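Every number in this text was worked out from the coordinates using simple rules, so none of it is lab data. Fair warning: this is a prediction, and the values are worked out from it, not measured in the lab. We place every Cβ from the backbone using ideal geometry, glycine too, and count neighbours over all the protein chains shown.
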Amino acid sequence: MAKFRLEILTPAWNELEGIACYHLHVVGPDSARKITDSILNALERLREFPLSCPYVPDSELKAGDYRMLVCDQYVCIYRLIEKVVYVYHIAHGVTDYSKLFKVGR
């Protein structure tokens with residue numbers, strides 16, 4: 001039984017939808033389904049093992065206990081707070097994802 005609750009926040013859902021749309025239009029529906037299933041399955045594993053992924057390399061985010069789950073060419077940025085795994089962003093691995101947190105500061 002899962003020990004932790006998984007909460008995928010709105011920005012992360014929107015980013016996942018964008019990833020799916022990109023794959024749908026560039027590669028096709030099978031690719032879109034495969035990548036979204038792969039990311040969601042990887043995130044589900046965080047219910048059991050939320051501390052299994054490394055901290056993000058950005059020192060400011062690392063100080064905030066943010067971790068990164070790598071799935072294919074994407075990274076999922078999350079943080080464990082008490083018994084909840086909050087997924088903040090899902091971005092392509094070459095994205096400077098630290099800027100996603102700094103917008104509007």
| task | Once you have the Cα-Cα distance between Arg79 and Lys34, take 0.36 nm times their residue separation minus that, and quote the gain in nm to one decimal. | result | 13.7 nm
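Please arrange Cys21, Cys53 by counting, for each residue, the other beta carbons lying within 10 Å of its beta carbon, fewest first. Numbers along the way, then the final one.
Working: Cys21 11, Cys53 19.
Arranged by neighbour count, lowest to highest, Cys21, Cys53 become Cys21, Cys53.
Projected area of region 2-46, taken from the Cα convex hull and averaged over every viewing direction, in nm²?
Working: hull surface 12.4 nm².
It is 3.1 nm².
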| said: Can you compute the label reach from His25? Point 7 Å from Cα along the Cβ direction, backbone N cut-off under 20 Å, restricted to region 66-105. | reply: 74, 90-95
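Could you calculate the FRET efficiency of Thr10 with Lys62 from 1/(1 + (r/R0)^6), where r is the beta carbon distance between them and R0 is 25 Å, rounded to 0.05? The partial results should precede the final answer.
Numbers: r = 24 Å, r/R0 = 0.95.
Result of the calculation: an efficiency of 0.60.
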| said: Just to confirm the number: angle between the C-alpha axis of helix 10-26 and the first principal axis of the chain, 0 to 90 degrees, nearest 10? | reply: 30 degrees
| remark: Normalised Cα Rg of region 5-102, dividing by 2.2 N^0.38 Å with N its residue count, works out at 1.04
